[in-house]
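K.L.:
This is the structure I have questions about; it appears just below.
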Amino acid sequence: MAKVVAVWVPLLEVFLLDYALMAVQIFLVVGGYLNAKSWANAVPKSAFDFFPRLLLRYQRLTIPLLAALSVAVAITALVRPYFDHSSLSNAPSLMQVVAHIFLLQDILDFEAFSAGVWYVAVDFQLFAMAMACASLAQVWQGLSGKGSVVRKAFGFWLMLTLCSIFVWNLNPLGEIWGAYFFGAYGLGLCVGAWRYAGFKFSVRNLALLIFMVGVVAMAYHPRDRLMLAIATALLLCWYEANDCIAIQYFKWKWIRELSNASYAIFLIHFSVSLSVSAVVFNFWPENISVNAVGLGVSFGLSVWMGRLIHQAIETPKPTWTRCLQWAATLMATSTCVILLG
């Protein structure tokens with residue numbers, strides 16, 4: 001639909017294909033920031049258990065993901081005879097389903113069932129890397145008995161962040177690995193941990209350090225996405241310098257609700273867009289007005305369905321029983337698609 005509407009707005013398709021993806025850098029930095037805040041808040045109150053925390057993260061990510069993938073597999077099979085498009089995946093295989101359940105589809109070189117599944121897998125890898133560093137910091141703290149465990153974790157995160165920015169992120173073949181994206185994620189981790197690390201330098205000095213790293217990195221190898229990640233980290237530094245006082249406009253109820261449902265909206269948008277695109281393509285393929293309306297309808301339906309998934313599937317407490325149920329649902333859906341040919 002964007003391709004058709006591009007006749008009216010030529011820059012629309014370019015923006016959606018080339019620039020909208022840069023928002024991932026904002027997600028990464030903010031994700032690292034929130035992760036560091038959550039961990040640092042929990043450290044003084046309870047013992048740190050790496051595997052329980054990692055498995056809980058897996059449950060939270062995969063339960064709504066498996067539900068959305070079940071819809072994506074069914075919708076793809078339904079529209080495939082009527083809508084020939086490069087975004088449609090082929091009929092699923094058993095190993096492909098298993099790879100998706102364990103977030104290994106890209107590593108094992110399987111075609112993804114839906115757009116954006118790679119990001120969920122990378123997010124889990126980044127979380128695992130961050131918590132592995134936190135676990136090492138806990139062990140180090142237990143052996144030394146001195147200093148701050150948060151400061152030790154900060155040091156590990158900073159080291160990996162610099163490795164990613166100056167080495168790993170320069171290999172375009174590394175996009176299936178969390179290490180490739182740790183530069184952005186690690187910036188968020190460092191800003192999020194600063195308040196709890198007990199450093200004597202101010203957050204303004206931290207912002208200056210981040211800015212200097214950005215300047216050196218851009219001189220070494222310019223990257224637009226890195227510039228956006230640095231800018232986001234600096235914005236979070238400004239937020240910390242203002243004692244994390246929330247902007248009043250962001251406290252509106254509808255913004256809070258959309259924010260809470262954003263992951264579910266992200267997961268279901270592919271299936272919704274595919275359905276609307278198939279209908280518009282078959283009945284009004286060249287009508288610019290209808291395709292423009294289709295884009296709006298697709299966006300609105302994605303938000304609506306995402307909120308439903310958030311309330312019904314994502315919000316309830318994640319358990320292994322629910323995780324297995326949705327894994328079985330994806331397996332059953334894929335099996336029906338395979339058998340029905």
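The values are calculated or read from the model by the stated rules, or taken from the named source; none is laboratory data. Keep in mind that what you see is a predicted model, and the values were worked out from it rather than measured. Cβ: placed from backbone, ideal geometry, glycine included. Neighbour counts: every protein chain shown.
K.L.:
Would you be able to say whether some residue in the range 243-262 is crowded, with 20+ Cβ neighbours inside 10 Å, within 25 Å of Ala67 (Cβ to Cβ) and not basic (Lys, Arg)?
P.N.:
For the range 243-262, residues crowded, with 20+ Cβ neighbours inside 10 Å, within 25 Å of Ala67 (Cβ to Cβ) and not basic (Lys, Arg): present.
K.L.:
Follow-up question, since we're still on this one. Provide a single number: the residues in the range 41-52 that are under 25 Å from Trp320 (Cβ atoms), outside any helix (DSSP H, G or I) and hydrophobic (A, V, I, L, M, F, W, C).
P.N.:
The qualifying residues number 2.
K.L.:
Examine the range 94-109 for a residue that is modelled with pLDDT under 95, under 21 Å from the mean Cα position of the chain (by Cα), surrounded by 18 or more Cβ atoms within 10 Å (Cβ to Cβ) and under 22 Å from Phe51 (Cβ atoms), and state whether such a residue exists.
P.N.:
Scanning the range 94-109 turns up no residue that is modelled with pLDDT under 95, under 21 Å from the mean Cα position of the chain (by Cα), surrounded by 18 or more Cβ atoms within 10 Å (Cβ to Cβ) and under 22 Å from Phe51 (Cβ atoms).
K.L.:
Name every residue in the range 148-194 that is within 17 Å of the chain's Cα centre (by Cα), over 19 Å from Val216 (Cα atoms), in contact (Cβ under 8 Å) with a residue 60 or more places away in the chain and assigned to a helix (DSSP H, G or I), in order of residue number.
P.N.:
Within the range 148-194, Leu189 is the sole residue that qualifies.
Okay, residues lined up against (1) in contact (Cβ under 8 Å) with a residue 24 or more places away in the chain; (2) crowded, with 20+ Cβ neighbours inside 10 Å; (3) at positive phi; (4) assigned to a loop (DSSP other than H, G, I, E, B):
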position	(1), (2), (3), (4)
Leu54	yes, no, no, no
Gln59	yes, no, no, no
Thr62	yes, yes, no, no
Leu65	yes, yes, no, no
Ala74	yes, no, no, no
Ala77	yes, yes, no, no
Asp84	no, no, no, yes
Ser87	yes, no, no, yes
Asn90	no, no, no, yes
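K.L.:
How about the range 280-298: which of its residues are in a helix (DSSP H, G or I) and touching a residue at least 12 places away in the same chain (Cβ under 8 Å)?
P.N.:
Val280, Phe281, Asn282, Ile288, Asn291, Ala292, Gly294, Leu295, Val297, Ser298
K.L.:
For Phe201, work out the one condition from (1) free of Cβ contacts under 8 Å to residues at least 40 places away in the same chain; (2) buried (at least 16 other Cβ atoms within 10 Å of the Cβ); (3) closer than 27 Å to Gln138 by Cβ it doesn't fulfil.
P.N.:
(2)
K.L.:
For the range 198-221, what are the residues that are in a loop (DSSP other than H, G, I, E, B) and farther than 19 Å from Phe182 by Cβ?
P.N.:
Correct list: Gly198, Phe199, Lys200, Phe201, Ser202.
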